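Here is the structure we will look at.
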């Protein structure tokens, strides 16, 4: 530190601060949002922290001061070792004749209010699903289409506001023997489930949509004043604590299920969060098992986020994970091919 120039001392000080923030982020999965909601907000910035540490490593190596790069290098090693690194370098695909496909897609009401300048978005979404032919599809922000239907024999929809309302839906090629809703309190979001029969086995499929932050990318101004910043932080804290309540209710229901289980949905949170950690538990995350890249399912002002997931318990083997980029909603669909 003594041999550093004044500029490099400032850089190393910032380097240390961001390292401390990263170390703090490693505790997020273990600390409930209600206990420390501000810490939960940090989970949204983990990819940025890691990108900053890559830049620090490059900076210290280019300036010829090699010892200082070790701090950021250690952060990256920890991220990889604790599955906190957001990028997957190698995908895995296994050929299996006994596999079946599960797709998850937040369709944003099939572009009902023309958020995207594509008039035939519902038709294109239906054609896309028909082409991919998943055996089970879980939808969030679902809206019943008048002129278009999906080619599935079985389905379950739970809508707010009656038959023309919005909510969650699951379509299945397999017979549904039981279905139900968890009915999250004081929320427009929810979780539903179906039990299906496949090869004489009963499978439980959950479709979960956790509390949204209620923040649109086009409404965020980086030049927030103090009042706006406090309002934004309050909204984030409120959403994180609401998610905790929903996850706790969901886990109580899921833990009573005796069947092989798949959890599919829009978590409205990242893989670095408490909510994801509790939902995943000892389940397999299809992206971690077989995906590649960042696994982006949602873009927030060009910031890639993976907030849509397919999790399966240890009975299942993940043969393939696909991230699509079709631009027909604010979310992108994901599909996992599973076998057991």
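Can you tell me which of 152, 142, 156 is surrounded by 18 or more Cβ atoms within 10 Å (Cβ to Cβ) and either outside the structural domain of residue 214 (by TED's automatic domain parsing) or farther than 24 Å from residue 252 by Cα (or both)? So that I can check it myself, show each step before the final result.
Working: 152 fails: surrounded by 18 or more Cβ atoms within 10 Å (Cβ to Cβ); 156 fails: either outside the structural domain of residue 214 (by TED's automatic domain parsing) or farther than 24 Å from residue 252 by Cα (or both).
After applying the criteria, what remains is 142.
Kindly state which strands (runs of 3 or more DSSP E) lie completely within the stretch 273-313 and contain at least 2 residues that are closer than 22 Å to residue 203 by Cα. Don't jump to the end; show me each part of the working.
Details: elements: 298-300, 303-305, 308-312.
In the stretch 273-313, the matching strands (runs of 3 or more DSSP E) lie at 308-312.
Checking residue 130 against (1) under 19 Å from residue 166 (Cβ atoms); (2) free of Cβ contacts under 8 Å to residues at least 24 places away in the same chain: exactly one of these is not met. Which one?
Evaluating residue 130 over (1) under 19 Å from residue 166 (Cβ atoms); (2) free of Cβ contacts under 8 Å to residues at least 24 places away in the same chain leaves (1) as the failure.
Scanning the stretch 61-73 for residues that are part of a helix (DSSP H, G or I) and in contact (Cβ under 8 Å) with a residue 40 or more places away in the chain, which turns out farthest from residue 271 (Cα to Cα)?
Initially, the stretch 61-73 is screened for residues part of a helix (DSSP H, G or I), giving 61-62, 69-73.
Next, from what is left, pick out any that are in contact (Cβ under 8 Å) with a residue 40 or more places away in the chain: 71-72.
Values: 71: 24, 72: 21 Å.
Selected residue: 71.
Find the residue count for the stretch 88-103, including only residues that are modelled with pLDDT of 90 or more and either part of a loop (DSSP other than H, G, I, E, B) or farther than 13 Å from residue 291 by Cβ (or both).
Residues that pass the stated criteria total 5.
Of the residues that make up the stretch 203-220, is at least one closer than 30 Å to residue 303 by Cα, at pLDDT below 95 and surrounded by 21 or more Cβ atoms within 10 Å (Cβ to Cβ)?
no
Mind telling me which of the residues 302, 329 ends up being without any contact (Cβ under 8 Å) to a residue 12 or more places away in the chain and more than 15 Å from residue 134 (Cβ to Cβ)? Let's see the steps before the verdict.
On the way: 329 fails: without any contact (Cβ under 8 Å) to a residue 12 or more places away in the chain.
Just one listed residue meets the conditions, 302.
For the stretch 314-334, how many residues meet the condition of being under 17 Å from the mean Cα position of the chain (by Cα), surrounded by fewer than 21 Cβ atoms within 10 Å (Cβ to Cβ) and more than 20 Å from residue 113 (Cα to Cα)?
Looking only at that region, the number is 4.
The values are calculated or read from the model by the stated rules, or taken from the named source; none is laboratory data. Computed from a predicted structure; not experimentally measured. Heads up, the Cβs are rebuilt from the backbone with ideal geometry, glycines too, and the neighbour counts pull from every protein chain shown.
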